[in-house]
1. Under the Karplus relation 6.51 cos²θ - 1.76 cosθ + 1.60, θ = phi - 60°, what is the ordered set of whole-Hz ³J(HN,Hα) values for the range 121-134, x standing for Gly and Pro?
2. What is the gain in length, in nm to one decimal, between LEU48 and ARG165 on full extension, counting 0.36 nm per residue of separation less the C-alpha to C-alpha distance?
3. When the accessible area of the range 82-136 is computed with all protein chains present and a 1.4 Å probe, what percentage of it is carbon and sulfur?
4. Could you compute the FRET efficiency for ASP17 and GLU41, with r as their C-beta to C-beta distance and R0 at 35 Å, rounded to 0.05?
5. Just the accessible area per residue of the range 82-165, please: how many Å² with a 1.4 Å probe?
6. Quote to one decimal, in nm, the extra length available between ASP101 and ALA123 on full extension: 0.36 nm per residue of separation minus the C-alpha distance between them.
7. Taking the range 59-157, which trypsin sites (Lys or Arg not before Pro) meet the DSSP loop condition and have no more than 16 other C-beta atoms within 10 Å?
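The values are calculated or read from the model by the stated rules, or taken from the named source; none is laboratory data. The shown structure was predicted, so the numbers you read here are calculated from the model rather than taken from an experiment. Neighbour counts run over all protein chains shown; Cβ positions are idealised from the backbone, glycine included. Protein only, heavy atoms only, side chains kept; ligands, DNA and RNA dropped before computing areas. Shrake-Rupley method; radii C 1.70, N 1.55, O 1.52, S 1.80 Å.
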Amino acid sequence: SALPPELERATAALVRDNMDEVFAASGWDEADAEEGCAVGEPLYLLLLDARDALLGFVQCEFSVEAGEPALYVTELQLARHAQRRGLGARLTAAAEALAWDRGLAQVVLTVQTANRAALAFYARQGYGASCCSPELCPGEFEPEELPDGSVGFSYRILQKPRPRRAAEGEGGHG
């Protein structure tokens with residue numbers, strides 16, 4: 001699971017390139033993101049070009065969410081020049097296949113509410129609010145003042161349950 005140093009630097013640079021503006025808009029920084037997600041040893045699904053340069057990656061870990069076994073996607077990042085080509089959907093599908101092949105009940109992830117493009121992307125991929133998302137847990141989470149002066153939550157937790165066919169062991173061929 002541990003990445004070679006050059007890939008570790010490349011994944012960190014990709015997160016910074018893509019997320020600095022989003023973190024600033026939501027009042028988060030990289031330390032906040034890492035603190036909230038570090039549970040176990042991460043797994044990486046890498047997307048490399050023909051010259052082995054990093055185009056994108058998924059970082060995930062096995063977890064339990066709302067009492068159910070889950071794959072928690074802590075990062076899904078694509079280089080800017082690789083975006084809007086269907087590669088994000090392919091990386092998402094690869095993470096889901098990893099979860100379903102292992103019999104997990106769901107794939108879970110966190111999205112900054114300031115990242116409207118990511119929220120729309122995951123909605124198109126079939127993700128919805130998790131029962132653990134702060135906006136669905138009155139009394140458990142306190143709304144906060146956001147950098148734009150509004151009051152709310154800086155993130156949402158999304159989930160996609162295992163499809164029925166995968167859960168029932170039916171083949172998806174055909």
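1. In residue order, the calculated couplings are 4, 5, 4, 5, 8, x, 8, x, 4, 7, 5, 8, 5, x Hz.
2. Details: separation 117, 0.36 × 117 = 42.12 nm, distance 3.08 nm.
Stretched out fully, the LEU48 to ARG165 stretch lengthens by 39.0 nm.
3. Numbers: 1290 of 2580 Å².
Of all accessible area on the range 82-136, carbon and sulfur atoms account for 50 percent.
4. On the way: r = 25 Å, r/R0 = 0.71.
The formula returns an efficiency of 0.90 here.
5. Values: 4640 Å² over 84 residues.
With the other protein chains kept in place, the range 82-165 gives 55 Å² per residue.
6. Details: separation 22, 0.36 × 22 = 7.92 nm, distance 2.25 nm.
Contour length minus Cα-Cα distance gives 5.7 nm.
7. Values: sites: ARG80, ARG84, ARG85, ARG90, ARG102, ARG116, ARG124, ARG156; in loops: ARG84, ARG85, ARG102.
Those satisfying the criteria are ARG84, ARG85, ARG102.
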